[in-house]
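Enquirer: Shown below is the structure under consideration.
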């Protein structure tokens, strides 16, 4: 079973920090996969999101959201809270 919210990150990534900050402000628990702690997570991320993707990569309820800009765009469009509520209800 996958976690409700998953985020692949790397150290020193401002976009990773911004995405985690938004999720934290939304009071969402998330599973972080820091590729500095486990190099195989980078390959896992590429397998899931596609080669050449940037950090971070985010999944909500098993749905690939994309990166930080995509996460913030969902929030601006008013769609993020509904997605997060649906996974909170399941978890």
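Just so you know, all these numbers are worked out from the coordinates, no wet-lab data involved. Please read all numbers here as calculations on a predicted model, not as lab measurements. Counting neighbours? That spans all protein chains shown, and the Cβs are built from the backbone with ideal geometry, glycine included.
Enquirer: Consider the candidate values [x] 43; [y] 55; [z] 51; state which one is percent of Cα pairs over 17 Å apart computed from the structure displayed.
Expert: [x]
Enquirer: Quote to one decimal, in nm, the extra length available between residue 21 and residue 44 on full extension: 0.36 nm per residue of separation minus the C-alpha distance between them. Walk me through the numbers before you get to the answer.
Expert: Values: separation 23, 0.36 × 23 = 8.28 nm, distance 2.33 nm.
So the extension gain works out to 5.9 nm.
Enquirer: On to the next question. Antiparallel as a % of all DSSP beta bridges within the chain, to the nearest 5?
Expert: Working: 7 of 11 bridges.
Percentage antiparallel, nearest 5: 65.
Enquirer: Given only helices, namely DSSP H runs of n ≥ 4 each adding -39500 (n - 2.57), what is the per-residue ellipticity at 222 nm of the chain, to the nearest 500 deg cm²/dmol? Display every interim value, and only then the final one.
Expert: On the way: 4 runs with 42 residues, N = 91.
Calculated mean residue ellipticity at 222 nm is -14000 deg cm²/dmol.
Enquirer: I need the calculated FRET efficiency for the pair residue 34 and residue 81, taking r as the beta carbon distance and R₀ as 22 Å, to the nearest 0.05. Before the final figure, lay out each step's value.
Expert: Details: r = 26 Å, r/R0 = 1.18.
Efficiency at R0 = 22 Å is approximately 0.25.
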